[in-house]
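Below: the structure, in structure tokens.
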Amino acid sequence: SRNMRQQYMLLAKSLTQVGQRDKAIKALDKGLVEFPESKIPFDKYDIGYAAQYCESGNMKKGEEMFNKITDLYINQIKYFNRFKGKKAISIASTRNEALQFLAMVYSNAIDHKLTALQAKIKAIPEVAPVLGAQEMQKGYNDLVQKVNTAIDLAQKGNKADAETLLGD
């Protein structure tokens, strides 16, 4: 049934891509009526659903979903932080996954300019190293993109443009 809810998100994505935002929002709403949070709680699988609400133009609904997902993982982190010793080691990977999901929501919050949500996630001290690693990865990806663009320009005979691009 979670998969069925995701099908509504994919439909909404297609509708948004062709400019039918109102229909996209209706599809997303229908998905939540048919497969409600009360029966299938929001989690990592719904990050894209919340993002699609934002991309379709319903920022309020997207932010509400992102906040519910964030609360789930913040509560998990608080729970996992209670463990010490061997128990802490045994749940470390699950705790790290929760931090990764918070970082994914944070990235979406940046993309959709959800500043309150960004602040909420940044307030969790444990997420700082994950966000730092995410920022480093973004910087690396941007650099690789820049180099690839410069190579493409040079191969097309635009050596000066390629050098200018890399000189920045």
Once ligands and nucleic acids are excluded and a 1.4 Å probe is used, how much of THR164 is accessible, expressed in Å² to the nearest 10? 90 Å²
Ranked from highest to lowest mean number of other Cβ atoms within 10 Å per residue, what is the order of the peptides 64-75, 35-46? 64-75, 35-46
Burial order of peptide ranges 6-14, 78-86 (average beta-carbon count within 10 Å, highest first): 6-14, 78-86
Rounded to the nearest 10 Å², the accessible area of GLU55 using a 1.4 Å probe with every protein chain kept is 80 Å²
Magnitude of the charge dipole, the range 76-168, Cβ model with Lys/Arg +1 and Asp/Glu -1, debye to 20: 820 debye
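Take the alpha carbon gyration tensor of the range 74-145, find the square roots of its eigenvalues, order them as a ≥ b ≥ c, and report rounded if a/c is under 1.5; if not, report prolate when a/b exceeds b/c, else oblate.
Here the range 74-145 falls in the oblate category.
Mind running the shape call on the chain? Use the C-alpha gyration tensor, a ≥ b ≥ c as the square roots of the eigenvalues: rounded below 1.5 for a/c, prolate if a/b tops b/c, oblate otherwise.
oblate
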Within the range 56-71, backbone nitrogen closer than 16 Å to the virtual label 7 Å beyond the Cα of ASP43 toward Cβ: 68-71
In a shell of Cβ-Cβ distance under 14 Å around ALA24, excluding ALA24 itself, what net charge do Lys and Arg (+1) and Asp and Glu (-1) give? +3
Given unit charges at Cβ for Lys, Arg (+) and Asp, Glu (-), the dipole magnitude of the chain about its Cα centre in debye, nearest 20, is 700 debye
Here the FRET efficiency for ALA116 versus SER90, based on Cβ atoms and R0 = 30 Å and rounded to 0.05, is 0.30
Apply the Karplus curve 6.51 cos²θ - 1.76 cosθ + 1.60, θ = phi - 60°, to the phi angles in the range 104-120 and return the couplings in whole Hz, x for Gly and Pro. 5, 5, 4, 4, 5, 4, 5, 4, 9, 6, 9, 5, 5, 5, 4, 5, 4
List, in order, the whole-Hz ³J(HN,Hα) value for each residue of the range 22-32 obtained from phi through the Karplus relation with A = 6.51, B = -1.76, C = 1.60 and θ = phi - 60°; use x for Gly and Pro. 4, 5, 4, 5, 4, 5, 4, 4, 4, x, 7
Counting only heavy atoms of protein chains, what accessible area per residue, in Å², does the chain have with a probe of 1.4 Å? 61 Å²
Which entries in the list LYS61/LYS113; LYS87/LYS120; LYS44/LYS113; LYS84/LYS122; LYS26/LYS120; LYS30/LYS61 go over 18 Å, if you measure between the two C-alpha atoms of each? LYS87/LYS120; LYS44/LYS113; LYS84/LYS122; LYS26/LYS120
Would you work out the relative contact order for the chain, in percent, from Cα pairs under 8 angstrom that are 6 or more residues apart? 14 percent
Mean residue ellipticity at 222 nm from the helices of the chain, using -39,500 (n - 2.57) per DSSP H segment of n ≥ 4 over the full residue count, to the nearest 500 deg cm²/dmol? -26000 deg cm²/dmol
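Which of the three applies to the range 1-71, rounded, prolate or oblate, going by the alpha-carbon gyration tensor with a ≥ b ≥ c and a/c under 1.5 meaning rounded? Mind dumping the intermediate values first?
Numbers: a/c = 1.95, a/b = 1.35, b/c = 1.45.
The shape class here is oblate.
The values are calculated or read from the model by the stated rules, or taken from the named source; none is laboratory data. Computed from a prediction, not measured in an experiment: that's the story for all the values here. Here the Cβ is made from the backbone with ideal geometry for all residues, glycine too, and neighbour counts use every protein chain on show. Accessible surface is based on the protein model in full, side chains and every heavy atom, while ligands, DNA and RNA are left aside. Shrake-Rupley method; radii C 1.70, N 1.55, O 1.52, S 1.80 Å.
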